[in-house]
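What follows is one structure encoded as structure tokens, with my remarks underneath.
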Amino acid sequence: DNRAMAGLSAGGAATVNTVFSRPELFSHVVIMSAGAGQNVETLYPNFFGNNAAGAKQFKFVWVGAGDQDFALNGSRALSESLTKAGVRHEFVVNEGYRHEWRLWRLHVTQFVPKLFR
């Protein structure tokens, strides 16, 4: 109930892979500037299968990117897949930010206060 995983960029992709492959091990998920391909639902059947039952256990899912971030489209596609599966999550797009540390420092201030509430 109190295990989180977070990552940004390639670490965000690793977070997607780890958490979506074993959703029963996590309760809080943060994905910054990373997304998933068009077939995310078929890549992670434990997460999205069976009406996303495994994914709905999460207490907190947060996805963020910058509006000038090359990962924005992937992040948006991930958010849309989560919405389609009925997984409650927050999707944040920060204006004026690219794929950069300045964005991820801002992300930390946005999601950390919401963890483990």
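Numbers below:
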{"quantity": "Tally, over region 18-34, of residues that are of a type outside the set (Phe, Trp, Tyr), closer than 13 Å to Ala6 by Cα and not in a helix (DSSP H, G or I)", "calculated": "8"}
{"quantity": "Helices (runs of 4 or more DSSP H) within region 39-117 that include 1 or more residues among the charged types (D, E, K, R)", "calculated": "40-43, 72-84, 101-111"}
{"quantity": "Region 37-50, residues that are in contact with a Ser or Thr (Cβ under 7 Å, 6 or more places away or on another chain) and in contact (Cβ under 8 Å) with a residue 40 or more places away in the chain", "calculated": "Val40, Glu41"}
{"quantity": "Looking only at region 90-108, and only at residues there that are of a type outside the set (A, V, I, L, M) and open to solvent by less than 50 Å² (accessible area, probe 1.4 Å), the one that is farthest from the chain's Cα centre (by Cα)", "calculated": "Gly96"}
{"quantity": "Residue within region 82-91 that is at positive phi and touching a residue at least 24 places away in the same chain (Cβ under 8 Å) present", "calculated": "yes"}
{"quantity": "Which numbered condition Gln57 fails, given (1) buried (at least 20 other Cβ atoms within 10 Å of the Cβ); (2) closer than 21 Å to Arg117 by Cβ", "calculated": "(1)"}
{"quantity": "Residue within region 109-117 that is within 17 Å of Ala34 (Cα to Cα) and either open to solvent by less than 60 Å² (accessible area, probe 1.4 Å) or free of Cβ contacts under 8 Å to residues at least 24 places away in the same chain (or both) present", "calculated": "yes"}
{"quantity": "Output for region 8-35, where each listed residue is touching a Ser or Thr at 6+ places or on another chain (Cβ under 7 Å) and either open to solvent by 10 Å² or more (accessible area, probe 1.4 Å) or over 19 Å from Glu90 (Cα atoms) (or both)", "calculated": "Leu8, Ser9, Gly35"}
{"quantity": "Subset tally (residues that are open to solvent by less than 50 Å² (accessible area, probe 1.4 Å) and in contact with a Phe, Trp or Tyr (Cβ under 7 Å, 6 or more places away or on another chain)) for region 65-80", "calculated": "3"}
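The values are calculated or read from the model by the stated rules, or taken from the named source; none is laboratory data. It should be emphasised that the depicted structure is a prediction, and the values quoted were computed from it without experimental measurement. Cβ sites come from the backbone with ideal geometry, for glycine too, and all protein chains shown count toward neighbours. Side chains included, ligands, DNA and RNA excluded: accessible areas come from the protein's heavy atoms. Shrake-Rupley method; radii C 1.70, N 1.55, O 1.52, S 1.80 Å.
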